[in-house]
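Reading through the structure tokens given below for one structure.
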Amino acid sequence: MRFGQLLLPSNLCLSPLAGYTNLPFRLVLRELGGLGLATTDLVNARSLVEQRRAALKLIETRPADQPLAVQLFGSVPEEMRDAAVWLEAAGVASVDINMGCPVRKVCRVGGGSAMMTELGKTSRLVAGMVNAVRIPITAKMRLGWDDDNLTAPELARALEDAGIAAVFVHGRTREQGFSGAVNLAGIRAVVQAVNAIPVIGNGDITTPQAARRMIDDTGCAGISIGRGAFYNPWIFHHTRHYLATGELLTEPSFDERIRVLRRHLELMIEVFTEAHGCRMFRKVAPWYAKRFGPANEFTRHVVQISSLADFNTVLDRYVLWRHQFLDERGELKPKFRPAPLVASFMQPPGVASREHIPVPKGPVEAW
Ligand SMILES: Cc1cc2nc3c(=O)[nH]c(=O)nc-3n(C[C@H](O)[C@H](O)[C@H](O)COP(=O)(O)O)c2cc1C
């Protein structure tokens, strides 16, 4: 997959997840393979232009963390342009624009000419950025405000005309939030609306089969995975293999999950210091635990760690406690195995809302 001149190593991308898609998580995913492009958390363009410490920390990177996209958030064209110029000079591979809500005003006043005004404004902002840098500028959007205002196809087309190199589409409306099923027909409409740029489908991909289904049903050029990477950091490697061969690799063993969990914490400590890294890890480790089988004993204690020593104690105790659920070969007894993950758009009708992927707390209005 190509974004303008940028050739990506695979068509599998990591979606921005504010509070999670930091350098340690990206490095863990890259070490496991399959990832074509990783994106940072959203970064306020003005804070970046003003070189605020928090903004600079969000874009902290290393040579192994390439190719890297930075997602910018902002509505002042000059700030967005200057931030893009600065990022290009810093070696970033592409810049993504958060369009979580580019058409909010439009939908409030009922579309029509207001929509075109807003589209025009957005296109000018994009053109200002595109003309100022050589690296690709991409955009990430939802399908629209609600089912009566599916504006993404029109927006994507206008952005393509303004020079955008690719669009990422989360196949839900703003009204849906994170509930209900991802609308594959909605993503397909965006694919059909653009001329040549890649459209990357996003939403609820937790298995390689779900990635295959999204590509087949929408015609999207690539897919982007957010929460599925929490559950399963191996998802990019497994999906790449499955798309190429049709063969499903076996799920990682418990020992492999623990190895990667430890590696993740090690990197958190390296990048954020031991105290802060461990505090941040309190919200990360429970996601890994969702695939451990019974794990309440782990989750209850890991959310209190303040040091690597605390973590080791919690883990050692948990490994002993978990023995009661294992058979003689050291595998989880069948009744304790976690249920297979199934994407919302692959569930029978009516099941999706009960089986949805949890959404961590945060500013959903910007996602
Ligand atoms: C905790 C969290 C943080 C998010 N942060 C961002 C963000 O910074 N920028 C953005 O465009 N989308 C953000 N999103 C939306 C995701 O990128 C993605 O579009 C959405 O989660 C659907 O994909 P998934 O089902 O694979 O997670 C966030 C979602 C979650 C759950």
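Filter the range 61-74 for residues that are small (G, A, S) and loosely packed, with under 14 Cβ neighbours inside 10 Å and give the result.
A64
Every residue, every condition in (1) outside any helix (DSSP H, G or I); (2) open to solvent by less than 30 Å² (accessible area, probe 1.4 Å); (3) over 30 Å from L56 (Cβ atoms); (4) modelled with pLDDT of 95 or more, yes or no:
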residue: L265; (1), (2), (3), (4): no, yes, no, yes
residue: W287; (1), (2), (3), (4): no, yes, no, no
residue: G293; (1), (2), (3), (4): yes, yes, yes, yes
residue: T299; (1), (2), (3), (4): no, no, yes, yes
residue: S306; (1), (2), (3), (4): yes, no, no, yes
residue: F311; (1), (2), (3), (4): no, yes, no, yes
residue: V314; (1), (2), (3), (4): no, yes, yes, yes
residue: W321; (1), (2), (3), (4): no, no, yes, yes
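Give the number of residues within the range 187-209 that are near the ligand (Cβ under 10 Å from one of its atoms) and of a type in the set (D, E, K, R).
Adding up the residues that qualify gives 1.
Considering only residues that are within 15 Å of the ligand (Cβ to nearest atom) and among the aliphatic types (A, V, I, L, M), look in the range 173-186 and name the one that is surrounded by the fewest Cβ atoms within 10 Å (Cβ to Cβ).
L184
Just name the residue that is nearest to the chain's Cα centre (by Cα) out of those in the range 139-165 that are within 16 Å of the ligand (Cβ to nearest atom) and either at positive phi or of a type in the set (K, R) (or both).
K140
Among the numbered criteria (1) surrounded by 15 or more Cβ atoms within 10 Å (Cβ to Cβ); (2) over 21 Å from the mean Cα position of the chain (by Cα); (3) not polar (S, T, N, Q), which single criterion is violated by A275?
The failed condition is (1).
Within the range 16-56, take every residue that is under 10 Å from the mean Cα position of the chain (by Cα) and buried (at least 24 other Cβ atoms within 10 Å of the Cβ) and give me the one that is nearest to the ligand (Cβ to nearest atom).
P16
Which one is farthest from the ligand (Cβ to nearest atom), of the residues in the range 113-138 that are of a type in the set (S, T, N, Q) and assigned to a helix (DSSP H, G or I)?
Within the range 113-138, the match that is farthest from the ligand (Cβ to nearest atom) is S113.
Of (1) of a type in the set (S, T, Y); (2) more than 14 Å from the ligand (Cβ to nearest atom); (3) without any contact (Cβ under 8 Å) to a residue 60 or more places away in the chain, S10 satisfies all except one. Which?
For S10, the exception is condition (3).
I need the full set of residues from the range 145-160 which are modelled with pLDDT of 95 or more and either out of contact with any helix residue (DSSP H, G or I) (no Cβ under 7 Å at 6 or more places or on another chain) or not in a helix (DSSP H, G or I) (or both), in order please.
Result: E160, single match.
Just give me the residues in the range 226-251 being within 16 Å of the ligand (Cβ to nearest atom) and under 25 Å from L332 (Cβ atoms), in sequence order.
Across the range 226-251, the qualifying residues are R227, G228, A229, F230, Y231, N232, P233, W234, I235, F236, H238, T239.
The values are calculated or read from the model by the stated rules, or taken from the named source; none is laboratory data. These numbers were taken from a predicted model, which means no experiment stands behind them. Cβ coordinates were reconstructed from backbone atoms using ideal geometry, including for glycine residues, and neighbour counts include every protein chain displayed. Please note that ligands, DNA and RNA were not included when accessible areas were found on the heavy atoms of the full protein model with its side chains. Shrake-Rupley method; radii C 1.70, N 1.55, O 1.52, S 1.80 Å.
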